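Asks: Would you mind keeping the following structure in view while I ask a few things?
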Amino acid sequence: MFKNHFKIALRNIRKQGLRSVIHVIGLSIGVAVCFVIYNLVSFEYSFDKFHKDSDQIYRVTTVTSNGVEDWPNPGAPFPIGPAISNEMSAVNNVAQIFDTYRIMVGTFADEQKFGVKQTVTYADQHYFEIFDYKWLAGNKESSLSEANEVVLTETSVKQYFGAIEPEEAIGKELIYADSIPFYVSGVVADFQENSDLKFTDFLSLQTAKSNKDISIRLNIEEWNSVNSSSQTIVKLHQNQEAKAEKELAVIDEKYGEDDEEWTTTFNLEPLSEWHFSSNFNYRSADKSVLNGLMLIGLFILVIACINFINLESAQARLRSKEVGIRKTLGSSRKQLIIQFLMETYVIILLAIIFGLILSQFGIRYFADILPNTFELDYLSMENLIFLLSLSVMVLFLSGLYPAMILSGYTPIKALNNKKEFKPGFNLQYLIRKNLIILQFSSSIAFIIAVLAINNQISFLMNKDVGFNKEAVLHISTPFQSTLDNTVKLKNNLASLSDVKSTSMSSGTLVSNSIWTSSVEHEVNGELVEVGVQTKVADTNYLALYEVPLLVGRNYSTDESEVVINESALTALGISSPIDALGKHLVYDEKDMTVVGVIKNVHTRSLHEEIRPLLVGNGIRNLFTVNIKLNKGANLASAVDAIQNAVKSIYSVERPEIKFLDETVEGFYQSEVRLRKILFFATIMAILISALGLFGLASFTISQRTKEISIRKVLGASVAELIVLISKEYAILIGIAFLLAAYPAWYFIKDWLNGFQYKIEVPYGVFILAGIIALILCMTIVSFHSLRAASSNPAKILKDE
Amino acid sequence: MIKLTDIDKTISSKFQKEFILKGINLEIEEGEFVTIMGPSGAGKSTLLNIIGLLDDASAGQYLLGEEDLTSLSDKRKAKMHKEHFGFVFQAYHLIDELTVYENIETPLLYRNVKSSERKSLVAEILDRFGMVAKKDLFPAQLSGGQQQLVGVARAIIGKPSILLADEPTGNLHSAQSKEIMELFQKLNDEGTTIIQVTHSEDNAKYSKRIIELEDGAIVKDYNSQEAQHA
């Protein structure tokens, strides 16, 4: 029986080529999209799942709040470690680490031999008790308990000492941070599984405690210092989460240094959440993006299944004779359903094979937005199970309804090929129409969303930011660079022929990072505090960026002079710019005088409002060199020359040279990513819907050839016939448009709310999307109706 | 064996009820060869379809032996089709996607006959009908007569106790008709009950009993051989 069904399935696939191609292409797109999304989602959820008792591992995070805004931080004050250890009975173990972020690694002979590494952390011995590492040499009980000990992973051992046995590495000396000696006390295997614990070198935290310079940076004694690098990890006893939270609240109450303005709250964040909040890999996954992707995958799959249902149920009559015969030969309805489901399954299997090939193209298209370490393992057990489940789901989603219709035919009517025609309401017909409407609604909604997002992105890219960001480059100096070197670099760059001017500053004028502080000013004899964004720079800064000065002058090298922007005027309660000149402000306990007011310029992404800004001269925190090129400068040669200048000063760690406009574009990366994903979803939705309509129109119009021929004989022109046939489809698109408009409008409105500076909801793109869908639909329908309308009526009527 | 009592078949539309069959009382014994005749629209095919459980009667009782078949579930109907009935149609009704061999084999598949037994049964019948050379052809590659032979082979391979034939030779020329009718006669001699619907007097001669229908009612029921002699 199985063989018989299989044979029929294959013969039908061959015989009805167009139908089969449409089904396989449509479903394979659905399969490919779902397959890639499934893999991406399970990849993102796979991080650090493998540790023993991973559900008992948490880290202490801190939320600082001023009542208006919350500042969450994955770090916690250092003294909380010992406090938790002594006072929380729900806690089994506490480990503390301090991520060095970037640190120089070398040997005694050459302190900079291995350059700067970003995978080095200070850790105490408890770290290895909480996280499972496989020890290749040394042991976890004694390693890291003393100062100047380092535990390396295999990769680091190989990098530093070449191919030696792990045991041979024990006792070898390395120099970190140019001067501190460490001796290898253990070697562990690298994690094979996905992990955000990217560390390869573990320096004993004891070293930091006993070294005054480092311990100051760690703020070992300070309860009010929170640094994201300094993290406290706890392992709870089983099922003690609620108790742990209570005990942590007690510690918070006891030690948390709250004042009138600021409150600090400690929380426990489970290990499974680290990958989605803040982690050491600097790439956290976004759950809402993953959820959105899953929704898109489901949409595409459903649209593909709809094609199947529509075309199969429309063509059911072609198979009715077979159903009748089989029933007279003794087939039960169940057996027929099984047969038709099996035929569907053969098509699904073909679709899966093509889908897997397509998914490779999908991966390439999304290469720039997929995580670096993401790859597809087609034959992994998870994927095989997923594909099996998906195929069964698609089977029932798409195959069951047509199979029910087919197997339900009464044999005698089926054999006589009588249409079970009832005047008035026809459920199948209605379902088919509704499904087409649903498909085109989705396509239209996708088109509207993509066009609207595109409009907003081009608005963001092209909006006047208030200063000139063209031909500006910037360099962030290395972590341990001295001011001397920065000055030298700035001067060397200034002497290049392509460079118009240079400036040192705490950051570029427009930047993703922000430095906020508060200034005090006098109102009615009392000092009032106002929050401001602060930038420190040399005196070339504002001129380099061509920031328009409203009144007054630029600040001089006198550190008590500052320039403020228009927003600061409002914040300080000054009505006219001219009134601001000479105004006294207290900043960092020093007196400052406002010497100039600049126009409001955008120093942050357009998601945010322009904040009060304070710019002044200083020598602290000058990490950025800004470069303005001459008009018409040759970019390639200019960049070459700048690179050479950088190389002559920084031989080991070479800072990157970036174009400001590219940096600004980077602010809108997530929007560009969204556009790319939605663009893809749109193309897929349109492709599948168009394919389905093509198949369905081809079939339904071919069913109407007799009617068309009679009308032609009665005098209808080809054009009239095309209008007659197409009208029905145009109405469907109209309904689809109406259904798509509101959800699309809601989505766009909601999305645009994330921006302070945005376009109005672009109603034009609604019309455009409707027109695109209509043209697409009419092209497909006209193609078939033209063929039907131009056929020779004499021949068709004779055949009938 | 077959006993129909007061069988009606009606179609209802909004304002009226139209009788296709009205008050049919009929008994057919095991091993009979019956022909149902009558003008177009008399209800011949409907009667045959009701006997073959392809259609339901609107009223009356249908007994097959001791079993009441008046209203059966689809599942029971499928079972009866498997166990008792073979059908031969005017339009042959072969499955176009299957070869001659596969078409003949299909009823055995629904009867869960083992593969080896299936093979020998199909081989035997192909041999008997002289179609061994054509077993791998598709219906479209055969003449009408050949298709009908396949149709008959398929109808009888499951050894049905009753063979129902609706205008079995309607699409065939006379030589082919003769071949089919002789085959029917042989099957009947071997014990198969045959009920056929036909317009052809020649075909009717092969049967032993003729039932004439008119406007949904039996108007004559007689022994054809006796009638010939009379």
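A short reminder: the numbers here are calculations on the coordinates, not readings from a lab. Only a predicted model underlies this, so the values are computations on that prediction, with no experimental measurement involved. Please note: Cβ atoms are built from the backbone with ideal geometry, for glycine as well, and neighbour counts cover all protein chains shown.
Asks: Select from B:SER12, B:SER177, B:SER143 the residue whose mean-square fluctuation is largest in a Gaussian network model of chain B (Cα-Cα springs shorter than 10 Å).
Replies: B:SER12
Asks: Output wanted: per-residue J couplings in Hz (rounded whole) for region A:694-701, from phi through Karplus 6.51 cos²θ - 1.76 cosθ + 1.60, θ = phi - 60°, x for Gly and Pro.
Replies: Per residue, the Karplus-derived 3J(HN,Hα) values read 4, x, 5, 5, 4, 6, 5, 6 Hz.
Asks: How about region A:380-472: which trypsin sites (Lys or Arg not before Pro) there lie in a loop by DSSP and see at most 10 other Cβ atoms within 10 Å? Write down the numbers at each step before the final one.
Replies: Values: sites: A:LYS413, A:LYS418, A:LYS419, A:ARG432, A:LYS433, A:LYS463, A:LYS469; in loops: A:LYS418, A:LYS419, A:LYS463, A:LYS469.
For trypsin sites (Lys or Arg not before Pro) across region A:380-472 that sit outside H, G, I, E and B with at most 10 neighbouring Cβ atoms in 10 Å, the list reads A:LYS419.
Asks: What FRET efficiency comes out for the pair A:HIS237/A:GLU653, r = Cβ-Cβ distance, R0 = 45 Å, nearest 0.05? Walk me through the numbers before you get to the answer.
Replies: Values: r = 44 Å, r/R0 = 0.99.
Rounded to the nearest 0.05, the efficiency is 0.50.
Asks: If the limit is 26 Å between Cα atoms, which of A:LYS413/B:LYS44; A:LYS463/A:LYS647; B:LYS44/B:LYS205; B:LYS75/B:LYS159 go over it?
Replies: Details: A:LYS413/B:LYS44 16 Å; A:LYS463/A:LYS647 35 Å; B:LYS44/B:LYS205 17 Å; B:LYS75/B:LYS159 20 Å.
Table pairs above 26 Å Cα-Cα are A:LYS463/A:LYS647.
Asks: What whole-number volume per residue, in cubic angstrom, does the convex hull of the C-alpha atoms of region A:356-507 give?
Replies: Details: hull volume 39.7 nm³, N = 152.
Each residue corresponds to 262 Å³ of Cα convex hull volume.
Asks: Using only the Cα atoms of the protein assembly as shown, each taken as one equal point scatterer with no solvent, compute I(q) by the Debye sum, divide by I(0), and report log10 of the ratio at q = 0.08 Å⁻¹.
Replies: Result of the Debye calculation: -0.96.
Asks: Return the whole-Å distance between the Cα centroid of region A:289-350 and the Cα centroid of region A:181-243.
Replies: One Cα centre to the other: 57 Å.
Asks: Taking a cut-off of 27 Å between Cα atoms, list the lysines near A:LYS243, but don't count ones fewer than 8 places away on the same chain.
Replies: A:LYS49, A:LYS52, A:LYS235, A:LYS254
Asks: Given the DSSP H assignment, sum -39500 (n - 2.57) over each helix run of at least 4 residues in chain A and divide by its residue total; what's the result at 222 nm in deg cm²/dmol, nearest 500? List each step's numbers first, then the result.
Replies: Details: 28 runs with 395 residues, N = 800.
Rounded to the nearest 500, the figure is -16000 deg cm²/dmol.
Asks: Count, for each residue of B:53-66, the Cβ atoms from other chains sitting within 10 Å of its Cβ, then give me the mean as a whole number. Walk me through the intermediate numbers first.
Replies: Numbers: counts 3, 9, 4, 2, 0, 0, 0, 0, 0, 0, 0, 0, 0, 0.
Mean partner shielding for this stretch: 1.
Asks: To the nearest 0.05, what FRET efficiency results for B:SER120 and A:PHE396 with a Förster distance of 51 Å applied to their C-beta separation? Can you show the working numbers first?
Replies: Values: r = 39 Å, r/R0 = 0.76.
Efficiency computed from Cβ-Cβ geometry: 0.85.
Asks: Right, something else. If you average 1/r across every pair of different Cα atoms in region A:566-607 and take the reciprocal, what Kirkwood value do you get, in Å?
Replies: Values: mean 1/r = 0.0868 Å⁻¹.
Kirkwood radius, region A:566-607: 11.5 Å.
Asks: Can you run phi through the Karplus equation (6.51, -1.76, 1.60; θ = phi - 60°) for region A:140-146 and list ³J(HN,Hα) in whole Hz, with x for Gly and Pro?
Replies: Working through the residues one at a time gives 6, 5, 9, 5, 6, 7, 9 Hz.
Asks: Averaged across B:96-105, how many Cβ atoms of other chains sit within 10 Å of each residue's Cβ atom?
Replies: Per-residue shielding by partner chains comes out at 3.
Asks: Out of the GluC sites (Glu not before Pro) in region B:1-99, which ones are loop residues according to DSSP with at most 13 other C-beta atoms within 10 Å?
Replies: Details: sites: B:GLU18, B:GLU27, B:GLU29, B:GLU30, B:GLU32, B:GLU66, B:GLU67, B:GLU83, B:GLU97; in loops: B:GLU29, B:GLU30, B:GLU32, B:GLU66, B:GLU97.
Of the GluC sites (Glu not before Pro), the ones in loops of region B:1-99 whose Cβ has at most 13 other Cβ atoms within 10 Å are B:GLU29, B:GLU30, B:GLU66.
Asks: For an R0 of 51 angstrom, estimate the FRET efficiency from the Cβ-Cβ distance between A:GLU273 and A:THR107 and round to the nearest 0.05.
Replies: Working: r = 39 Å, r/R0 = 0.77.
Efficiency for this residue pair is about 0.85.
Asks: Here's another thing I want to ask about it. Give me the net charge for the shell around A:GLU656: Cβ to Cβ below 15 angstrom, other residues only, Lys and Arg +1, Asp and Glu -1. Numbers along the way, then the final one.
Replies: Values: positive: A:ARG102, A:LYS647, A:ARG654, A:LYS658; negative: A:ASP640, A:GLU653, A:GLU662.
For residues surrounding A:GLU656, the net value is +1.
Asks: In nm, to one decimal, how far is the B:GLU214 label point from the A:ASP579 one, both placed 7 Å along Cα→Cβ?
Replies: Reported label-point gap for B:GLU214 and A:ASP579 is 11.6 nm.
Asks: Spelling out what I want: for every residue of region A:466-474, take phi, set θ = phi - 60°, compute 6.51 cos²θ - 1.76 cosθ + 1.60 (Karplus), and round to whole Hz; glycine and proline get x.
Replies: x, 9, 9, 9, 6, 6, 10, 10, 9
Asks: While we're here: How far apart, in nm, are two points set 7 Å out from the Cα along the Cα-to-Cβ line at A:THR516 and at A:SER717?
Replies: The answer from the label model is 7.0 nm.
Asks: From the square roots a ≥ b ≥ c of the eigenvalues of the alpha-carbon gyration tensor of region B:1-44, which class results: rounded (a/c under 1.5), prolate (a/b over b/c), or oblate?
Replies: On the way: a/c = 4.36, a/b = 1.91, b/c = 2.29.
Oblate is the answer for region B:1-44, as a/c is 1.5 or above yet b/c matches or exceeds a/b.
Asks: Take the alpha carbon atoms of region A:1-45, find their center, do the same for region A:585-635, and report the distance between the two centers in whole angstrom.
Replies: Using only Cα atoms to place each centre, the spacing works out to 58 Å.
Asks: Out of region B:1-86, which trypsin sites (Lys or Arg not before Pro) are coil in DSSP terms and have no more than 15 other C-beta atoms within 10 Å?
Replies: Within region B:1-86, the qualifying trypsin sites (Lys or Arg not before Pro) (loop, at most 15 other Cβ atoms within 10 Å) are B:LYS14.
Asks: Out of residues 5 or more away from A:HIS237 or on other chains, whose amide H comes under 5 Å of its own, with H placed 1.01 Å from N in the peptide plane?
Replies: A:VAL91, A:ASN92
Asks: At a temperature of 37 °C and a viscosity of 0.692 mPa s, determine how fast region A:54-274 diffuses translationally according to Stokes-Einstein, using the Kirkwood radius over alpha-carbon pairs as Rh; express D in µm²/s, rounded to the nearest whole number.
Replies: Translational diffusion coefficient: 181 µm²/s.
Asks: Under 18 Å from a label point 7 Å along Cα→Cβ of A:PHE161: give me every residue in region A:94-127 with its amide N that close.
Replies: A:105-110, A:113-114
Asks: Could you work out how far apart the two model spin labels at A:SER790 and A:ILE619 are, taking each label as a point 7 Å from the Cα in the direction of the beta carbon, and quote it in nm?
Replies: That separation, rounded to one decimal, is 8.5 nm.
Asks: Using 0.36 nm per residue of separation minus the Cα-Cα distance, give me the extension gain between A:TYR429 and A:ASN462 in nm, one decimal. The partial results should precede the final answer.
Replies: Working: separation 33, 0.36 × 33 = 11.88 nm, distance 4.94 nm.
Extending this stretch completely gives an extra 6.9 nm.
Asks: Name all residues of region B:24-51 having a backbone nitrogen under 13 Å from the label point set 7 Å from the Cα of B:ASP8 along its Cα→Cβ direction, giving them as ranges.
Replies: The answer is B:24.
Asks: First select every other residue whose beta carbon is under 12 angstrom from the beta carbon of A:GLN756; then total the charges, Lys and Arg +1, Asp and Glu -1. The partial results should precede the final answer.
Replies: Values: positive: A:LYS463, A:ARG604, A:ARG611, A:LYS758; negative: A:GLU608, A:GLU609.
Around A:GLN756, the charge tally is +2.
Asks: Now for a separate question. If you take each beta carbon of peptide A:403-412 and count the beta carbons of other chains within 10 angstrom, what is the mean? Don't jump to the answer; show the numbers that get you there.
Replies: Values: counts 0, 0, 0, 0, 1, 1, 0, 4, 8, 8.
The per-residue average across the peptide is 2.
Asks: Starting with the highest mean, order A:265-278, A:654-667 by the number of other Cβ atoms within 10 Å, averaged over the residues of each peptide.
Replies: Taking the mean over residues of other Cβ atoms within 10 Å, the ranking is A:265-278, A:654-667.
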